[in-house]
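Peer 1: The structure under discussion is supplied below as structure tokens; questions concerning it will follow.
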Amino acid sequence: MNLREMGLSICHPFYNDKPRLEHHIRTWEQYSEEDRKALNFVLVDDGSKEPLITWTDFDQVRISNLHVYQIMQNLKWNTPGALNLCITQAPTEWVIIMDSDCLLLPDDLNRLLDLEPDPEIFWMFRRHRISEDEDRLKAKKNEVLPCSLLMTKTAFHKLGGFDEDFTGERSGGHGFFDSDFTNRAKKYATRDVVPGIIIQEYMEDIVGPNVHTRERVRNKDKINKKIWYAKISGEIPRNRELLRFPWKKVFPV
């Protein structure tokens, strides 16, 4: 069976990203009616200062199967927790996760839904980086996106989800939760790249600044990198507890 027949959930976390959400909605509304019927859109507000539910009138959005959740604590750099919430609440077995600056254009989404994916594979994607900065374009040409994955919820739970010890509120650092997850994935299953399908990665000059720019977290990455190495060596135990925060569904209610 292909994804169109099985159904697919598109999982996105957002944090103070109103321009990005608006850009996504405009693109999602361009998907064909047939394609949208195969999709569920699962959005998580990762403790934004102004809740995501206030950014737009979701009753007026021309998309069905839209599910919005809110994390009730503003935990610093809690993307691993937000992704865990996205995936655990997704109503389909197959999910695709993407950062808030990434999305599938209608033609790529259409081709993806025709894919018959092997459930034993963690599927990755090549990127098309969109920026007015030529250096950014050269640096990431043809690279796979580290935090854009197509997988089953069964495989996700087999790995134990994203390790929420990498949440900045607990670690003091940023990032490397995705490197940790994909590194564990290769021990349990094959990783492969979906052929012929590209994810668009919009840089800050297109959809507003990302967290690296807004909060200057570059040096904080080093902290989580050390934690990652310590977890690989067994010096620090792995966390298996998911959703270590209060949350609720805010749309539909």
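The values are calculated or read from the model by the stated rules, or taken from the named source; none is laboratory data. Everything numeric here is computed off the predicted structure, so don't read it as measured data. Every residue, glycine as well, gets a Cβ built from its backbone with ideal geometry; the counts of neighbours run over all protein chains shown. Please note that ligands, DNA and RNA were not included when accessible areas were found on the heavy atoms of the full protein model with its side chains. Shrake-Rupley method; radii C 1.70, N 1.55, O 1.52, S 1.80 Å.
Peer 1: May I ask you to give the average projected area over all directions of the convex hull of the Cα atoms of region 145-194, in nm² rounded to one decimal?
Peer 2: Mean projected area for region 145-194: 3.7 nm², to one decimal.
Peer 1: Cα-Cα pairs above 20 Å in region 1-76: how many percent? Could you put the intermediate results ahead of the total?
Peer 2: Values: 929 of 2850 pairs.
Value for region 1-76 (Cα pairs over 20 Å): 33 percent.
Peer 1: Over the heavy atoms of D221, what accessible area does a 1.4 Å probe trace out, to the nearest 10 Å²?
Peer 2: So the heavy atoms of D221 present about 30 Å² to solvent.
Peer 1: Next question. Name the residues whose placed amide hydrogens come within less than 5 Å of the amide hydrogen of V44, ignoring near sequence neighbours (fewer than 5 apart) on the same chain.
Peer 2: Correct list: H12, F14, Y69.
Peer 1: On the protein heavy atoms, probe 1.4 angstrom, tell me the percent of accessible surface of the chain carried by carbon and sulfur.
Peer 2: Percent of accessible area from carbon and sulfur atoms in the chain: 47.
Peer 1: Here is a further query. Please say if region 55-182 is rounded, prolate or oblate, where rounded means a/c under 1.5 for a ≥ b ≥ c the square roots of the C-alpha gyration tensor eigenvalues, and otherwise the choice is prolate for a/b larger than b/c and oblate otherwise?
Peer 2: Taking the square roots of the gyration eigenvalues as a ≥ b ≥ c, region 55-182 is rounded.
Peer 1: Under a 10 Å cutoff between Cα atoms, tell me which one of D178, D192, D46 has the largest fluctuation in the Gaussian network model of the chain.
Peer 2: For the chain, modelled as a Gaussian network with Cα springs under 10 Å, the answer is D192.
Peer 1: Could I ask something else about it? So what's the gap between the Cα centers of region 28-77 and region 157-203, to the nearest angstrom?
Peer 2: For region 28-77 versus region 157-203, the Cα centre distance is 21 Å.
Peer 1: Follow-up. Excluding ligands, DNA and RNA, what is the solvent-accessible area per residue of the chain at a probe of 1.4 Å, expressed in Å²? Mind showing how you got there, number by number?
Peer 2: On the way: 11750 Å² over 253 residues.
On a per-residue basis, the chain sits at 46 Å².
Peer 1: Across the chain, where is the longest run that never hits GluC sites (Glu not before Pro) in a DSSP loop with at most 16 other C-beta atoms within 10 Å?
Peer 2: 144-234
Peer 1: Follow-up. Would you list, by chain and number, the lysines whose Cα falls below 26 Å from the Cα of K76, excluding same-chain residues fewer than 8 positions away?
Peer 2: K18, K49, K153, K220, K222, K225, K226, K231, K248, K249
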